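What follows is a single structure, written as structure tokens, with notes after it.
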Amino acid sequence: MGYTGEVSVGGTPDVHELPDLIITKVAVGAMDNNAYVLRCRATDEQLLIDAAAEPATLLEVVGGDGLVAVVTTHRHGDHWQALRAVVDATGARTHAGRDDAEGIPVATDVPLGDGDTVQVGRVRLTARHLVGHTPGSIALVYDDPHGHPHVFTGDCLFPGGVGNTGGDPAAFAALLGGVTTKLFDVLPDETWVYPGHGNDTTLGAERPHLAEWRERGW
């Protein structure tokens, strides 16, 4: 059976094998957070997106080859509970959105702005700054040269809508606008979306509902 992206806390991770990159998705913690370990096939270097919880689980997925970097998608506590333990165990460099770094209680080695890149081996990810869920949330885009793009959206985009903006109309408009212009307007329908919680989706599955989201206001 191929990759589905359906994982549960305490269950088996799911592995998405691409030509240049292996993506392992695991669910951790009381809030069912997704964490993603990315391994460059050419170099075996690894990067973790969101050290959310359960450091022992995350380190088991990482294995003995170590970790070069951890990217925290945003400042909310459920996305960094295991960050200190993972960094202490691996020596990985920390990355986060520049405008959220002050809200993460582990120092950010590499603050990220819109368009900045993160390298794992020979694979490059591009950060997209998305305002609304938090001031400095970032999505990471991997433009697979052998196929369609892949985007790790944190809590900014899920199946069925954008992330929580606390009922603030301005924050919702900012987040929907950013997701529209920086993801939907520039990436194809086949783009695979890996969110911070729950199941995966594609931009094509969500694109027909943009007007509906705008109308409902959340």
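What to note about this one:
- Out of VAL106, VAL118, VAL186, VAL179, one residue alone is modelled with pLDDT of 95 or more, assigned to a loop (DSSP other than H, G, I, E, B), of a type in the set (Val, Ile, Thr) and out of contact with any helix residue (DSSP H, G or I) (no Cβ under 8 Å at 6 or more places or on another chain). It is VAL186.
- VAL186 vs. criteria among the β-branched types (Val, Ile, Thr) and surrounded by fewer than 19 Cβ atoms within 10 Å (Cβ to Cβ): yes
- Subset of segment 66-90 (residues that are within 15 Å of the chain's Cα centre (by Cα), without any contact (Cβ under 8 Å) to a residue 60 or more places away in the chain and assigned to a loop (DSSP other than H, G, I, E, B)): TRP80
- Set ALA174, ALA170, ALA127, ALA211: member being outside any loop (DSSP other than H, G, I, E, B), modelled with pLDDT of 95 or more and within 27 Å of THR24 (Cα to Cα): ALA127
- Applying the condition of being without any contact (Cβ under 8 Å) to a residue 60 or more places away in the chain and not in a strand (DSSP E or B) to segment 9-40 and asking which residue is nearest to ALA85 (Cα to Cα) yields GLY29.
- All positions within segment 189-198 that are buried (at least 16 other Cβ atoms within 10 Å of the Cβ) and out of contact with any Lys or Arg (no Cβ under 9 Å at 6 or more places or on another chain): THR191, TRP192, VAL193, PRO195, GLY196, HIS197, GLY198
- Checked against the criterion of being under 19 Å from GLY97 (Cβ atoms) and among the aliphatic types (A, V, I, L, M), segment 199-212 contains not a single residue that satisfies it.
The values are calculated or read from the model by the stated rules, or taken from the named source; none is laboratory data. Note that the structure is a prediction, hence the values are computed from the model and not measured. No Cβ is skipped: glycine too gets one built from the backbone with ideal geometry, and neighbour counts run over all protein chains shown.
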